[in-house]
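Throughout, read-outs are computed from the coordinates displayed, never taken from laboratory work. All values reported here derive from a predicted model rather than from experimental measurement. Glycine gets a Cβ as well: all are built from the backbone with ideal geometry, and neighbour counts include every protein chain shown.
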Amino acid sequence: MNGQPPQHRRNGTEGKAKHGFRSWFQRLGRGQRIGLVAGSVLVVVIVVVVLVAVPSSSNGPTRRAGSSTTTSSAAGTTTTHPHPTLIAKNCPLTGIPSPGGRVLPRPALAVKIGNDPASRPQSGLEQADIVYEEMAEGGITRYMAVYQCQDAPVIGPVRSVRWDDWNILQNFGHSILAYSGGITYWMAEAATRPWIYNADGSVYPTANAYYRSTSDVLPANQGPPYNLYTSTSRLWAQFPQAKSPPPQLFKFSKALPAGATPDSSVSIPFSGASPVVWQWSATARKWLRFYNTSPDVDASGHQLQATDVVIQMVTTQPGPYNESGPDSFDVESIMTGTGKAYVLRDGSVETGTWSRPDGYAITKFTFPDGKPMRLRPGNIWYELVPDYITVSFKS
């Protein structure tokens, strides 16, 4: 080698090809050459148009299953997290077979029902898929009965909205919240949350779904505010555009998990007004509800019961507004973060942890080893219990 840089050689075919094409093109007539160039340009234009049109021919970007969506509005940006896929033939909230073998095309419907002593006995709780018990002001609790698979012809007495309500309902996708009045600020909150169809019984047109009753379904034949009632059919009819069922919130299994231990009774002393006790009935294969030793019954005299009882221990804080008199502040249950959880089923208790990283996530229940806590398919009572209350179990 003479120290010169290496030469990058060509094999000679490229130059020959160019020379041959040039000679052929020059031999064409003037009209032929113009036609050839015009045709080539037309082909290029068509290809470009097709490439641009293909991505825009769909109705917006394709989103993979399980991904999140973000929407922007004048109120800000809202991110909606994915929900688990529905089990097509089972009720999404209870895991039992759906009526007619398919999930009904309607959303979850949540109705606020009173549980102070003057509100008892209530109507419609036995038909609910899930009943939430929330701590309210003055040591009383309130119910939020959630329906999807079953209908209830009479529900009540219907009471006012609370802070806990829309925070619970964020688990359910776009759902209906039925109540009557409340603190002005809380009514405004419920009316503007994007995941709520607002069914306020104190304003029209949704007030048309409610009625004042003087029949024997009333607790001790009370007057207002204890005589306001509704039904699932009346409420669903207010929102004919609402067709989306809720997501599946819990893991279900007919087999008892290995982590469960025998239990026959649990005491949840919310207050002197609500000394809740759940007792297992091997005959009914249900958990029966009591106040101390007195059966808790509905307006028909039937004792309230559940296939599963979910107990979520939560931190609470006083709300900023008086609900029913001086120094009678609402109780706000913090339902994000983590805490202790219990699941009562089949005469046993599962002990574990609940977790919910943010309001858009569905609350998860897991054993210490990370495996999911499972419920038996059936109706559920969900107890939101302040963590200063001591829950006791009896085998």
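Within segment 335-360, name every residue whose backbone N is under 16 Å away from a label modeled 7 Å from Cα of Q317 along the Cβ vector. Only 335-338, 358-359 fall inside the zone, counting backbone N under 16 Å. For the pair T336 and R212, label points projected 7 Å from Cα toward Cβ lie 4.1 nm apart.
Decide, for segment 94-394, between rounded, prolate and oblate: order the square roots of the alpha carbon gyration tensor eigenvalues as a ≥ b ≥ c, take rounded if a/c falls under 1.5, and otherwise choose prolate if a/b is larger than b/c, else oblate. Rounded is the answer for segment 94-394, as its axis ratio a/c remains below 1.5. One decimal place: the segment K89-T353 gains 92.1 nm when fully extended, by the rule 0.36 nm per residue minus the C-alpha distance. Take the residue pairs K112/K251; K243/K286; K112/K394 and return only those whose Cα atoms are more than 29 Å apart. Listed pairs above 29 Å: K243/K286; K112/K394. Taken as Cα centroids, segment 304-370 and segment 176-210 sit 24 Å apart, rounded to the nearest whole angstrom. Rounded to 0.05, the FRET efficiency of the S328 and S281 pair, given R0 = 35 Å and the Cβ-Cβ distance, is 0.45. Judged by the gyration tensor of its Cα atoms, with axes a ≥ b ≥ c, segment 257-395 is oblate; a/c meets the 1.5 cut and b/c is at least as large as a/b. Between A255 and A361, the modelled label-to-label distance comes to 2.8 nm, taking each label 7 Å out from Cα in the direction of the beta carbon. The listed peptides 364-373, 380-389, ordered by packing as a protection proxy, come out as 380-389, 364-373 (highest mean of other Cβ atoms within 10 Å first).
Highest mean packing first, where packing is the average number of other Cβ atoms within 10 Å per residue, the peptides 279-287, 145-153 line up as 145-153, 279-287.
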